[in-house]
Structure formats: structure tokens, C-alpha cells
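The values are calculated or read from the model by the stated rules, or taken from the named source; none is laboratory data. All values reported here derive from a predicted model rather than from experimental measurement. A quick note on method: Cβ atoms are made from the backbone with ideal geometry, for glycine too, and the neighbour counts reach across all protein chains shown. Only protein heavy atoms, including side chains, enter the accessible area calculation; ligands, DNA and RNA are left aside. Shrake-Rupley method; radii C 1.70, N 1.55, O 1.52, S 1.80 Å.
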Amino acid sequence: MIIVKQLFANLAILVALLFLYTQIKRDPPLRMNSSIKKKLTTGVAGGLFSNILMQYSIPIGTTLIDLRHIPIILLAYFGGAVPALVGMALVIMGRFLIGINISSYTSGLLMIAITLFAIIIARTNLSHQIKKWSMLTFANLLTTLLFFYLIKDPQLLLYLIPGYWFVSFLSGYVAFQVLHILFKSQMMFDKYKAESTIDPLTGLNNVRKFDEVFNSCMADLEKKKKLSLLYIDIDFFKKINDTYGHSEGDVVLKDLGLILRSCARPTDIVSRNGGEEFTVLLIDCSLDQAKKIAERIRTTVEEHAFLLNSGTEVNITVSVGLSNFPETTTIGSLVIKDADKALYEAKRTGRNRVCIAKQ
């Protein structure tokens, strides 16, 4: 009974380690197609977890009983050969540091066999459940054989083996479930985080992301030297909505988002700031370069036929306000205000034009 209680303590430590690791490492979960760097670092973490579990082993003579195989099985299942082999090597080294004897040699062979079997099973087309239970069953079978070889007390084996099988299966099941829940929670968190900065209609950055990037640019203005901003507004967009409906107006907004992306540079920050207003933040861009990009956007939109869901083609134009630090605006924080003023001037003087902020 004491042995079973200590194995449950091993399980509690394992769950705590898995939880802490996933909270500290906020990057995507380990996958078969993860980078080599991620596989190596995760393999090291798994190996360290197994070594921690060994520090809370149940000693029976020179034999140490614990759940060190569970992290290695998890590594093989989620990441394949590389992390599993790295973790296995660390487990074997850790066991020899504890003591060099017949138990350490046989446990090393045991870990090699469990790891190789888990790697092979992970690469098969079996269902996820069969893979998990096959790995755990194989590990338990080999461990049982090792118990028979190292422990000569039949009475001890009589309650050790059933208890070990029960806790080992339970630990494996709990570990897999904990990781699935934590991975799912992490992916949902990352998804919501990304969606909080993306305009759902156009897929462009939203105003929150624009503000974040702009503030970052302000903090780095001396390094970036030049910063241009295009403030873009669709001319008479209300007529589109009134004539064809808001759903057709959304089609126009989506297409315009694609045009802005195609006309801007890969490094530029394209955002929908609200309604029919868009911005393009041109980092390290001179006034002359910004003029060319702004004019390319204006002419591309003017010449583009926007195809609505109804099959009707419509044409629109845009007005663009342009400001640049330091060529039109010497105070970085006024770049947005000056671009907005230039946009107002473009609309006031006839629309479908690019106006530059007054120096």
C-alpha cells in the first residue's frame, strides 16, 4: 500500500511538472513537424522531468521504482524520435549518476526498449487510443519482467505488480489528458489573442494592432529614421451600402483589403481602422517612396472592377492622406493627426486623390 501511495505522489509531481512547463513555454505544442530546435529543447525538458521523478523513486534494494518512462512515451507520441531519444539519453545518464549496479544497467536497457517501441508505434497509422495504450502496456510488461528479475520476494511482487500496473496506466492516461487539455487551452488562447488584433472581415490588422505597432514605432523612431503613414477612405461608400446592401459593401471592403496588401510592401502594416477607413504604415519609407505607393493604391482601386455577390460590377475611388516623419512632420506623435488632416484635404478638394500633409 505504501508503494502505491508513493507512485501516486510520482503522478502528482508529473502532472505539476507538465502544467508548469506548458505555462512557462507559451509557444505552440510539440508536434511531429516541429523544428529540430523545439524537439531538442522539449526532449531535454522531458529528460529532466524523468530525472526529477527518479529523485522520488521507491527504493527496493538497488531497484528504483517510479514513472520515469511516462515523459519519454509522451515525447515519442507527440514529437517522434528526436525528443524521445534525447529524453531517453538523459534518463539513462541520470540513473547511472544515482548508482552503477545491475539495476542501473537493466533499467537503461529497459528505457531503450520502451523508447524504441514508442517511436515505432508513434509512426504507425493506428488510432491515437491504440497508440497510447500500446506504449503503456509494452512499458508495463517489460517493467514487470524487470521486477521478476531484480526482486526475489514473491510476496512483495504479489501486490507490487498489480499496484504498479494500475498506477502506471492511470498516470499515462492522466498525463495524456492533461497535455491534451493544456494544449487545447493554449491554442484557444493563441487563437483569441490573434483574433483580438485582426479585423474579422478583411483579415487585416485592426485598430488595436495598428495602435500597438505605431506606438512601437514611436519608441524606435530614432532607429527607423523615416516613417510614413497613408490614411485611406473610400469615397461615397455610403452609396454602395444604400444601393446594394451592407453585405455587398462587405465584399468591396474585403477586395479593397486585398488591393492594399498587393500594393504595399511586405514590411508595411496594413490595417482597417474602422468602417471604410484604412491605413498603411510604411516603416523606414521616404516621402517620395510613400507618394509612389499611395498613387499606386489610388490608381489600382480606380481601375479595379469590384464584383459583388449579385454579379454586379461596381467601381469606387479612394482618397489618401499622407504624412511622413521627418519630411512633413517633425514631431513623431503628430504623424497620425497630420495624415488625417491630409485625408480631409483630399476629400475636400474633390476626392480620388492623394494629398500630402503640409510641412
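Residues that are of a type in the set (Gly, Ala, Ser) and within 20 Å of residue 240 (Cβ to Cβ) were ranked within segment 251-291; the one that is modelled with the highest pLDDT is 257. Taken together, 267, 330 contain a single residue that is closer than 20 Å to residue 209 by Cα, polar (S, T, N, Q), open to solvent by 40 Å² or more (accessible area, probe 1.4 Å) and outside any helix (DSSP H, G or I), which is 267.
Of all residues in segment 283-290, none are free of Cβ contacts under 8 Å to residues at least 60 places away in the same chain, out of contact with any Lys or Arg (no Cβ under 7 Å at 6 or more places or on another chain) and of a type outside the set (Asp, Glu). Annotation: residue 125 fulfils all but one of (1) of a type outside the set (Asp, Glu); (2) part of a helix (DSSP H, G or I); (3) within 27 Å of the chain's Cα centre (by Cα); (4) surrounded by fewer than 13 Cβ atoms within 10 Å (Cβ to Cβ); the unmet one is (2). Scanning segment 114-144 for residues being in contact with a helix residue (DSSP H, G or I) (Cβ under 8 Å, 6 or more places away or on another chain) and under 16 Å from residue 79 (Cβ atoms) gives a total of 11. You will find that of 89, 81, 76, the residue that is among the small types (Gly, Ala, Ser), under 18 Å from residue 136 (Cβ atoms) and in contact (Cβ under 8 Å) with a residue 24 or more places away in the chain is 76 and no other. From the set of residues in segment 222-239 that are of a type outside the set (Asp, Glu) and open to solvent by 20 Å² or more (accessible area, probe 1.4 Å), which is farthest from residue 352 (Cα to Cα)? Per the criteria, the residue is 223. The condition of being open to solvent by less than 50 Å² (accessible area, probe 1.4 Å), touching a Gly at 6+ places or on another chain (Cβ under 7 Å), of a type in the set (Val, Ile, Thr) and in contact (Cβ under 8 Å) with a residue 24 or more places away in the chain holds for only one of 143, 202, that being 202.
Mind checking whether some residue in segment 232-241 is among the charged types (D, E, K, R) and under 22 Å from the mean Cα position of the chain (by Cα)? Checking segment 232-241: not a single residue is among the charged types (D, E, K, R) and under 22 Å from the mean Cα position of the chain (by Cα). Within segment 154-166, which residues are more than 12 Å from residue 137 (Cα to Cα) and surrounded by 13 or more Cβ atoms within 10 Å (Cβ to Cβ)? The answer is 156, 157, 160, 161, 163.
May I ask you to verify whether residue 300 is at pLDDT 95 or above, closer than 15 Å to residue 322 by Cα and polar (S, T, N, Q)? When the stated conditions are applied, residue 300 does not pass them. Is it the case, given these coordinates, that residue 36 is touching a residue at least 12 places away in the same chain (Cβ under 8 Å), open to solvent by 60 Å² or more (accessible area, probe 1.4 Å) and within 24 Å of residue 156 (Cα to Cα)? Answer is no for this residue.
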